1. Filter the stretch 373-408 for residues that are out of contact with any strand residue (DSSP E or B) (no Cβ under 6 Å at 6 or more places or on another chain) and either hydroxyl-bearing (S, T, Y) or without any contact (Cβ under 8 Å) to a residue 40 or more places away in the chain (or both) and give the result.
2. Please tell me if E392 is more than 18 Å from the chain's Cα centre (by Cα) and open to solvent by 20 Å² or more (accessible area, probe 1.4 Å).
3. Could you list, in sequence order, all residues of the stretch 93-103 that are open to solvent by 50 Å² or more (accessible area, probe 1.4 Å) and assigned to a helix (DSSP H, G or I)?
4. For S298, only one of the following conditions fails: (1) touching a Lys or Arg at 6+ places or on another chain (Cβ under 9 Å); (2) crowded, with 20+ Cβ neighbours inside 10 Å; (3) polar (S, T, N, Q). What is its number?
5. Of the conditions (1) in contact with a Gly (Cβ under 8 Å, 6 or more places away or on another chain); (2) buried (at least 16 other Cβ atoms within 10 Å of the Cβ), F328 clears all except one; give me its number.
6. Could you list, in sequence order, all residues of the stretch 128-148 that are at pLDDT 95 or above and touching a Lys or Arg at 6+ places or on another chain (Cβ under 9 Å)?
7. Please verify whether S90 is out of contact with any Asp or Glu (no Cβ under 7 Å at 6 or more places or on another chain), small (G, A, S), assigned to a helix (DSSP H, G or I) and surrounded by 14 or more Cβ atoms within 10 Å (Cβ to Cβ), treating the condition exactly as stated.
8. Residue check, E356 against (1) of a type in the set (D, E); (2) open to solvent by 40 Å² or more (accessible area, probe 1.4 Å); (3) modelled with pLDDT of 95 or more, all met but one. Which one?
Amino acid sequence: MASGEKVDYDVIAIGAGFAGLALIHHLREAGQSIKVFDRASDIGGTWTWNRYPGAMTDSESYYYCLTFSKELLQKWSWTLRYPDWSEALSYFHFVADECDMWKDIQLNTEIVSADYQADSGHWMVKTGGGESFTCKYLVSAMGMISEPVIPKTPGMDTFKGPLFHSSRWPEGLEWKGKRIGIIGSGATTVQMVPAMAEDAESVTVFQRTPNFILPAMQRPMTPEWEKEIKENYDQIVATCRNHSFGMAFNSPAGRNLMDTPADEVEKIFEENWTGSFRWFFETFDDLLVSEEANATASRFIARKMRERIEDPEIADLLVPKIGEYPLFAKRPPLDHGYLEAFARDNVNLVDIRDREPLVEITETGVRTTESHYEFDIIVIATGFSAYTGALEAFPIRGLSGQSLREKWKETSNAIMGMCVADFPNLFTITGPQAPFANLPTSIEQNAMYVSDCIKKMEAEGYDVMAPKIEAEEEWSAHVTEVHKMTLMDKGDSVHSWMMGANMEGHKPRVLIYFGGANVYYDKLRESVDNGFPEMEFQRLAD
């Protein structure tokens, strides 16, 4: 294949969520043809897969959206502070309709392999239906939490009723009036339980590690609130871009808990107890770096949680012990009535870490070391293989023929979460060692970076963008160094997905850049402005 041979598309992107739509917009503007493939039957990414009862965003709606069009920001109206999955999905349809994106999207198409062709500098992509497509640039838009983790629990294939991962909720499933077992107690379960408790015969949660749980404090979007938002959208977008976690939050501006009198700390915590992650990010700057400050914040949350749990014995199971692990070493869920649900007679909690470990799934339920629990439905809510899972789910093979899964066996190194050495002309949106931040903010910054790199290559006649191994090693060392400065470094002890420690047989590793999303976005812009020094650009002979 000669380097000048025509490709089917300039760009192929895999995934039709926020990233897929952002790429269509920015790469069209760059004059590139693009096709976005997705194995799902609809666009929306996370919000077409996660349709379990109670599924909703944990970020507030008005900044959990794409911002490339001021017109769309003004035209769309949210109904809630935290939209549920159906409203989020409606938003995706609105963007695709308004921007005429459907012609560039192919659904119900699973990509089963992607191979770099060294002689042409192109990628060969194959689908589960037997089709093959070529492109010059391949972009993963599959998301950082899209590949489910399924535990290897004995007997899973013997259960006679529906058994499935929460992100693969069966359409039309009749769960009302049924006995439901939920294995896992993270953010999904915290949303699911209050939504199901009233109509299920019973709901039983099998919990390994308790969570620090923050209140969501859902409320409707009023006309007055919407007016205020839309009049200030430029500032809101700028605030997200310049916030350390990509959120439309105010900064505590150098205010440290350790320098603040105890009565003032209590006052600040109480005043900011208004729902969302704001409480953590708008109070004090040292909560992720000072063990004492973190413990003080943990005690406050623990007290607030206990105030809402009727049974002291249940509270002892649901509330983490102070010192068990740092706040945010596991991502705290937002609560819409989870804690109160355990006051109901039909909601049960089973401690499978200390009291009765889970032994097996049986034909009729779940067996622990102490009891057998019978169910009509079992939901596996054990989270996702974060950052790398979707990229490792099928073979993506680079210049040497090595797959990403093989390369990342021990460590998941990348350049700013965007590019991987030995994988030319491949971009990964919010890949490993990118920040943990408001995803639409990071996704748009990543999409602009991809677009700028491609524009440079096309303008200067380059065929190949080859990420430098030295740049990858330098970024990964920096990410690890920053990680060790924070309390996040203890996440492996509590099976945190933020370190890939929630997967059996998977060595925990540093997956997230905690140097600040705003700093990271600046580094992306610095790379663009300096001509992408992390890459080697090449022209192939005709």
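The values are calculated or read from the model by the stated rules, or taken from the named source; none is laboratory data. Quantities reported herein were computed from a predicted structural model and do not represent experimental measurements. When we count neighbours, we look across all protein chains shown, and the Cβ atoms used for this are built from the backbone with ideal geometry, even at glycine. Note: accessible area is taken over every heavy atom of the protein model, side chains too, but ligands, DNA and RNA are not part of it. Shrake-Rupley method; radii C 1.70, N 1.55, O 1.52, S 1.80 Å.
1. Within the stretch 373-408, T382, S385, Y387, T388, S400, G401, Q402, R405, E406, K407, W408 meet the criteria.
2. no
3. H93, D97, E98, W102, K103
4. Against the list (1) touching a Lys or Arg at 6+ places or on another chain (Cβ under 9 Å); (2) crowded, with 20+ Cβ neighbours inside 10 Å; (3) polar (S, T, N, Q), S298 comes up short only on (1).
5. It fails just one condition, (1).
6. G128, S132, F133, T134, C135
7. Considered against the rule, which asks whether it is out of contact with any Asp or Glu (no Cβ under 7 Å at 6 or more places or on another chain), small (G, A, S), assigned to a helix (DSSP H, G or I) and surrounded by 14 or more Cβ atoms within 10 Å (Cβ to Cβ), S90 comes out as yes.
8. Of everything listed in (1) of a type in the set (D, E); (2) open to solvent by 40 Å² or more (accessible area, probe 1.4 Å); (3) modelled with pLDDT of 95 or more, E356 misses just condition (2).
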